[in-house]
Amino acid sequence: MDFLQQPLYWTRKAKNATIEKNKVEILTEPQTDLWQKTYYGFQNDTAPVLQVKTKEKYFSFIVKTEFESKHRFDQCGIVLYLDSENWIKASIEYENEQYQRLGSVVTNHGYSDWATTDISAEIKQMWYRLSRRESDYCIECSTDGIVFQQMRICHLWEGAEEISFGIYACSPENSSFLATFTQMKITECKWKAHI
């Protein structure tokens, strides 16, 4: 199922974005981010998010991201955003010319975590796959769109009923970059039951 053929809606519309038949481009705005409280204390809920709604309990969502990030914390990726205090995201956050952080954030009841691994700053594309099994979720990544590696399994306390999921891009500091999203599709759940 083609993600872009579903009823899309913005949670905070990007000021500079284009939606085409097979592609979405977002030019990020400075000082935009998603983060809640933990460690830093601040709350940022300003990133544009393009999503669809579903009550389907078992599915996977796949997207390819390409990005021209060049400033600390520039990021784009996959997101499941219910409200400011309950969401999941996965992305690559640029750090410097040597490395960037491939990671994910789960925010439950207003508190975010951040799980990362360092990767080369030369990587400028990544596929993500978000899978749902009721209120539990699996996030995976791939460098080729074929072989996916698990990033994390998590629970979203408010994620048992209707949810919203899609894509996001942001620049938490004083920067801007172009994020391109393609190959967006919704499939049967690729996260198999643990037997």
**Prompt:** Across every pair of different alpha-carbon atoms, what Kirkwood hydrodynamic radius in Å does region 1-140 reach?
**Reply:** 15.8
**Prompt:** Antiparallel DSSP bridges in region 100-193: what percent, to the nearest 5?
**Reply:** 100
**Prompt:** Of all the accessible heavy-atom surface of region 110-160, with the other protein chains kept in place and a 1.4 Å probe, what percent is carbon and sulfur?
**Reply:** 47
**Request:** Report the GluC sites (Glu not before Pro) located in region 107-156 that are in a DSSP loop and have at most 13 other Cβ atoms inside 10 Å of their Cβ, or state none.
**Result:** E122, E134
**Message:** Taking the solvent-accessible surface of protein heavy atoms with a 1.4 Å probe, what is the per residue accessible area of the chain in Å²?
**Reply:** 48
**Distance between region 1-72 and region 174-191 - C-alpha centres, whole angstrom** = 8
**trypsin sites (Lys or Arg not before Pro) within region 106-187, DSSP loop, no more than 16 other Cβ atoms inside 10 Å** = K124
**Prompt:** In the structure displayed, which of K64/K192; K89/K190; K13/K37; K15/K192 lie more than 29 Å apart, Cα to Cα?
**Reply:** K15/K192
**Prompt:** In whole percent, what relative contact order does the chain give with Cα contacts below 8 Å and a gap of six or more residues?
**Reply:** 32
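The values are calculated or read from the model by the stated rules, or taken from the named source; none is laboratory data. Bear in mind that the values here come from a model prediction, so they are computed numbers and not experimental data. No Cβ is skipped: glycine too gets one built from the backbone with ideal geometry, and neighbour counts run over all protein chains shown. Quick note on the areas: whole protein, heavy atoms, side chains included, nothing else; ligands and nucleic acids left out. Shrake-Rupley method; radii C 1.70, N 1.55, O 1.52, S 1.80 Å.
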